[in-house]
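Here the structure is laid out as structure tokens; the discussion comes afterwards.
The values are calculated or read from the model by the stated rules, or taken from the named source; none is laboratory data. What you see is a predicted model, and the numbers here were worked out from it, not measured in a lab. A quick note on method: Cβ atoms are made from the backbone with ideal geometry, for glycine too, and the neighbour counts reach across all protein chains shown. Quick note on the areas: whole protein, heavy atoms, side chains included, nothing else; ligands and nucleic acids left out. Shrake-Rupley method; radii C 1.70, N 1.55, O 1.52, S 1.80 Å.
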Amino acid sequence: MDDGGFRRVGEGMESNMVNPRVTVLMPVYDPPLDMLHAAVTSVLGQTFGDFEFLILNDGSRDERVRAQLDSWASKDSRIRLLHEPHRGVPGTSNRGLEMARGEYVARQDSDDWSEPRRLARQASFLESHSHVALVGTDAYAHAADGTPLWRLRLPHASDELSRALWQGNPFVHGSTMFRREKALQIGGYREQLPCASDYDFLWRLMEAGNAVNLDEVLYHYRYTSGSISARRAADQACVHRAAQVLAATRRRGEPEDIPAALAAAGGQIASDAFRAALKQADHFMLAGNFPGARKAYLRLLRSHPWSGLAWAKLFRLAVFQAIPPAREGCFR
């Protein structure tokens, strides 16, 4: 695989590896190598120089992933590579917060990629806005093979984000940069939440300090069939609902009970498992896995043959696949 773009500190860069301004934090667990390559090279190609790239290999089973990470780390001293036991995203993220040296932490997902000016724009914003704890960006969505889909237009101002949080996550987690001290003050990611813990984490972080999304596409988000959103749609919906229950509890000034919130959310989601399964099928479609999406929709139609929504989504899949220019319109 091409290692172009990898270089040692001192070759046209300004970097302080002892006390860098930014830590780019990227957990890795068995991503496809081409996606991992895009993520790594996009970070190492940043116009901003004062960063360390903290990669946590979360117990990847694919030996090729470990070997490739070792190769990259040996070629570029900005990379700090830690081979860790498998903890899952919340636990590995907390390990990263513990090990980070930067004042600011920038998240990066191992199957997405960043624009070259991303770190510069976000670090500059946090420098000039001391009251802001968290800054995300707009992103462009892509299918698994990199095919462009559309721009994800997110809320930008703090008050818009506060309102939007009650409906869902208004941030692309991989695009965010935040103050490490604030993240540690709120206790980091909650490992009791099995997936989608970023929704709860970013909500609590915003409560501890203001947040914005920059009105610029500085990140590229990739839909993949193997992501948590695709594989565990029902679990993700449960955690999303639990995060809302916990936020309401905090608003009332009452102590939080995470197991109770998960139990309450699980009961509500169980009654709407059909919609969670539809969301999973939608994710397959967006990833470009059209056979998988078709099978998922047909499976739902066999159990819910009178569902107009399922029939409409199956028709939308046909249009989405056959007429690429109509994709954004028919999905939105």
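If you go through segment 98-121 and keep only what is open to solvent by 50 Å² or more (accessible area, probe 1.4 Å) and either part of a helix (DSSP H, G or I) or without any contact (Cβ under 8 Å) to a residue 12 or more places away in the chain (or both), you end up with 98, 99, 121.
Among the residues of segment 297-316, write down those that are open to solvent by 80 Å² or more (accessible area, probe 1.4 Å), assigned to a helix (DSSP H, G or I) and of a type in the set (A, V, I, L, M, F, W, C). It would help to see each step written out before you state the result.
First, the residues of segment 297-316 that are open to solvent by 80 Å² or more (accessible area, probe 1.4 Å): 299, 302, 306, 311, 315.
If we keep only those that are assigned to a helix (DSSP H, G or I) too, we end up with 299, 302, 311, 315.
Scanning segment 297-316 gives 311, 315.
When 152, 97 are checked against the criterion of being within 30 Å of residue 65 (Cα to Cα) and at pLDDT below 95, a single residue qualifies: 152.
Please specify each residue of segment 31-55 satisfying the condition of being of a type in the set (A, V, I, L, M), within 22 Å of residue 98 (Cβ to Cβ) and out of contact with any Phe, Trp or Tyr (no Cβ under 9 Å at 6 or more places or on another chain). Of everything in segment 31-55, just one residue is of a type in the set (A, V, I, L, M), within 22 Å of residue 98 (Cβ to Cβ) and out of contact with any Phe, Trp or Tyr (no Cβ under 9 Å at 6 or more places or on another chain), namely 54.
Of the residues making up segment 26-50, those that are over 22 Å from residue 94 (Cα atoms) and in a helix (DSSP H, G or I) are 33, 34, 35, 37, 38, 41, 42, 44.
In the condition set (1) within 18 Å of residue 39 (Cβ to Cβ); (2) loosely packed, with under 14 Cβ neighbours inside 10 Å; (3) under 16 Å from the mean Cα position of the chain (by Cα), residue 172 is compliant with all but (2). Taking the conditions exactly as written (surrounded by 16 or more Cβ atoms within 10 Å (Cβ to Cβ) and within 20 Å of residue 23 (Cβ to Cβ)), does residue 179 satisfy them or not? In short, yes. Residues that are in contact (Cβ under 8 Å) with a residue 40 or more places away in the chain and acidic (Asp, Glu) were ranked within segment 51-97; the one that is surrounded by the most Cβ atoms within 10 Å (Cβ to Cβ) is 52.
The set of residues in segment 191-207 being of a type outside the set (S, T, N, Q) and open to solvent by 40 Å² or more (accessible area, probe 1.4 Å) consists of 191, 194, 207. The numbered conditions (1) modelled with pLDDT of 90 or more; (2) under 30 Å from residue 220 (Cβ atoms); (3) charged (D, E, K, R) are all true for residue 252 except (2). Within segment 317-332, being in a helix (DSSP H, G or I) and of a type outside the set (Phe, Trp, Tyr) holds for 317, 318, 319, 321, 322, 324, 325, 326, 327, 328, 329, 330. For segment 177-229, a residue qualifies if it is acidic (Asp, Glu), part of a helix (DSSP H, G or I) and more than 24 Å from residue 248 (Cβ to Cβ), and exactly one does: 181.
Scanning segment 122-155 for residues that are in a loop (DSSP other than H, G, I, E, B), closer than 14 Å to residue 214 by Cα and open to solvent by 50 Å² or more (accessible area, probe 1.4 Å) yields 129, 153.
Screening residue 66 against (1) within 20 Å of the chain's Cα centre (by Cα); (2) more than 22 Å from residue 189 (Cα to Cα) leaves a single unmet condition, (1).
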